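Heads up: the structure comes next, in structure tokens.
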Amino acid sequence: MPAAAAGRIHGVLEIVWPAPLEPQPPQIARQIEALAELCAHTLETYALHRPDGSPRILPDAAELTDLADGLHDPALVLVPHVDAGGELVDFRIHHVNARFQDPAGRPRGVVNGALLLEAYPMAAGDGGLFEQVERVHATGEPFRAQRMRLTALVGDVPLAAVADISVSRHGGSVLLIWRIEDETARLAHLLQHAQRLGRIGGFEENLLTGEITWNGQLYHLYGQPVSLGPVPLEDLPAHAHPDDAVAIGRFLRTLLHHHRPAAAAFRLQRPDGVTRHLRVAAEPVLDSDGRLHLVRGAYQDISAHHWTEVALAATRDQLAHTEQQASERHRLTLQLQHAIMPPAQAPLEAPGLRVAVRYRPAETEQLVGGDWYDAVVLPAGVVLLCVGDVAGHGIEAATSMVVLRNALRGLAVTGAGPGQLLSWLNMVAHHLTGAVTATAVCGLYDPERRSLRWARAGHLPPVLVRGTEATPLPLVKGMLLGAVSEAVYEEQEMQLAVDDTLLMYTDGLIERRDRSVEESLTHLLTTARPLQPMLEQQLDRLLTHSRSDTDDDTCVVGIRVT
């Protein structure tokens, strides 16, 4: 039986019986194997010392000496050191190779031949370095660690260093390799972290031999394993979004044909289906004959950043173009709004009724909203009166306002009541305008009967001015337009008298940031009580004394019975 321990054969165990044996059960076989291993450990311990007690140089230690001298990193060959009782207490430094550099700056001769804990007493507490060497010797399992802290004593002053550690067992000896992190390695380590944090990957492509070198970060940016190899620059269009072909083509022509540094931004379509926004910058390297030899460059992932101030004229031009488009967008929005909702409009004359409107646009172009109004005599002689407010601002709100206003005009010719009109308008808002939401008040005035039927969709109720009193009409049920696909709106009918004035308005007239709606409505009622001789004067007074501070659009429709 081979007497082996930790993978190394130390001798042979021979067991003899006087007669051939029958096949033994597995229990006997395991007992024999355990006996052989026990013999191996005994031989191993016996081989550590000569008969006079001095350390014996093991054959594997001699082999490790040659191995250590061939390494490019500092290495120590350690042999076990046991006490009189055969217990392992330390390791003797049998050999240090030529590349060995002591963290304390001592020459090799001082360290060579010393005990490990005598030369480096702090190893017992340096993250368990001695403990790891001891474990590797006992189990045969190698140990690896990066950026392990080592401490050496210079006099009585501890001097720390950071190193990559490798400990492996070879027979009864241990090979300890450490690589002290010098300034160059530290700077390279910092560069790797900077590339990772900045999402930058570098490359170099030899156009003569076709050899391409990528760093690990670039493979990560491309989302592909190292086994697939790097992507040549000429194949870049195949990995980019088709809409970026022009920018990539200009980049490649400038770099490969005109031999000038170039940069481009594009969308990378990775194998995992993820699209990333990258910026590539590269420069050509020419040989002595002026021929293009190498291309060096870097990719940067700019997906998570808005690099609008990069030093590229094309990006600055794009920003200027975007600002011009935004300005044109605001101008067109105002033109559209003023074309449909002019700030001043001639009064509407109807039998027994005078209607005046006032529209005050927002003071800031960016807050152009969707407030709207309408006052028109229908073919049946009934007058349609309405105001509304589309949620949001900008061109979307203005165009949605036009859709709802025109839709209500078209629906009103059917002769339906205001509740039914708002129900249909709700379907238009929910299904035909991209699920826009809005509030509105819709009324139908019959001049012959002097009656008003009205309904509301989440809007503030109209205000009735009669004599010296101003009161809001009772709230009728009705949710805002577009919130649900179908809604029912309650309508109410009221009788008006001569000289009655009805005010319909949007929230831009009363809304304040520091007051509740009830307080603002009370102020509106106080302002509306003094009846003005002319309806237009009444509306102008409301706008003049409005305390609104939200800079929102304001629509006011006044109806006076004559």
Residues of region 225-280 that turn out to be open to solvent by 20 Å² or more (accessible area, probe 1.4 Å) and among the β-branched types (Val, Ile, Thr), as a count: 5
Those helices (runs of 4 or more DSSP H) lying entirely in region 213-329 with at least 1 residues at pLDDT 90 or above, in contact with a Pro (Cβ under 6 Å, 6 or more places away or on another chain) and under 18 Å from Phe203 (Cβ atoms): 245-252
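One line per residue, one yes/no per condition, for (1) under 17 Å from Ala75 (Cβ atoms); (2) in contact with a Pro (Cβ under 8 Å, 6 or more places away or on another chain); (3) touching a residue at least 40 places away in the same chain (Cβ under 8 Å):
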position: Ala104; (1), (2), (3): no, no, yes
position: Leu115; (1), (2), (3): no, no, no
position: Ala119; (1), (2), (3): yes, no, no
position: Ala124; (1), (2), (3): no, no, no
position: Leu129; (1), (2), (3): yes, no, no
position: Gly140; (1), (2), (3): no, no, yes
position: Arg147; (1), (2), (3): no, no, no
Asp60 being of a type in the set (Asp, Glu) and at pLDDT below 85: yes
Given (1) under 24 Å from Leu475 (Cα atoms); (2) assigned to a helix (DSSP H, G or I); (3) open to solvent by 40 Å² or more (accessible area, probe 1.4 Å), index of the condition Thr527 fails: (3)
Set Ala497, Ala470, Ala455, Ala528: member being modelled with pLDDT of 95 or more and of a type in the set (A, V, I, L, M): Ala455
Flag if Arg466 is closer than 21 Å to Leu509 by Cα, touching a Ser or Thr at 6+ places or on another chain (Cβ under 9 Å) and open to solvent by less than 50 Å² (accessible area, probe 1.4 Å): no
Residue check for Leu408: open to solvent by less than 40 Å² (accessible area, probe 1.4 Å), over 38 Å from the mean Cα position of the chain (by Cα) and at pLDDT 95 or above: no
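Here's a check for you: in region 499-513, which residue that is touching an Asp or Glu at 6+ places or on another chain (Cβ under 8 Å) and not hydroxyl-bearing (Ser, Thr, Tyr) is surrounded by the fewest Cβ atoms within 10 Å (Cβ to Cβ)? It would help to see each step written out before you state the result.
Our first condition is that a residue be touching an Asp or Glu at 6+ places or on another chain (Cβ under 8 Å); within region 499-513, this holds for 506-508, 511-513.
Next, only the ones that are not hydroxyl-bearing (Ser, Thr, Tyr) stay: 507-508, 511-513.
Values: Asp507: 19, Gly508: 23, Glu511: 18, Arg512: 15, Arg513: 7.
Only one residue tops the list, namely Arg513.
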Region 429-447, subset in contact (Cβ under 8 Å) with a residue 40 or more places away in the chain and over 23 Å from Pro461 (Cβ atoms), residue nearest to the chain's Cα centre (by Cα): Ala435
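Restrict the check to region 484-498 and report whether at least one residue is open to solvent by 10 Å² or more (accessible area, probe 1.4 Å) and part of a helix (DSSP H, G or I).
no
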Looking only at region 499-524, and only at residues there that are assigned to a loop (DSSP other than H, G, I, E, B) and under 52 Å from the mean Cα position of the chain (by Cα), the one that is nearest to Leu353 (Cα to Cα): Thr506
Val382 being surrounded by 14 or more Cβ atoms within 10 Å (Cβ to Cβ), hydrophobic (A, V, I, L, M, F, W, C) and at pLDDT 85 or above: yes
Of all residues in region 442-463 being farther than 19 Å from Val556 by Cα and outside any loop (DSSP other than H, G, I, E, B), the one that is most open to solvent (accessible area, probe 1.4 Å): Asp446
Residues (surrounded by 18 or more Cβ atoms within 10 Å (Cβ to Cβ) and part of a helix (DSSP H, G or I)) located in region 537-562: Gln538, Leu539, Leu542
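The values are calculated or read from the model by the stated rules, or taken from the named source; none is laboratory data. Since this is a predicted model, take the numbers as computed values, not measurements. Every residue, glycine among them, receives a Cβ derived from its backbone with ideal geometry; neighbour counts consider all protein chains shown. The protein model used for the area step is the full one, side chains on, heavy atoms only, and it has no ligands, DNA or RNA in it. Shrake-Rupley method; radii C 1.70, N 1.55, O 1.52, S 1.80 Å.
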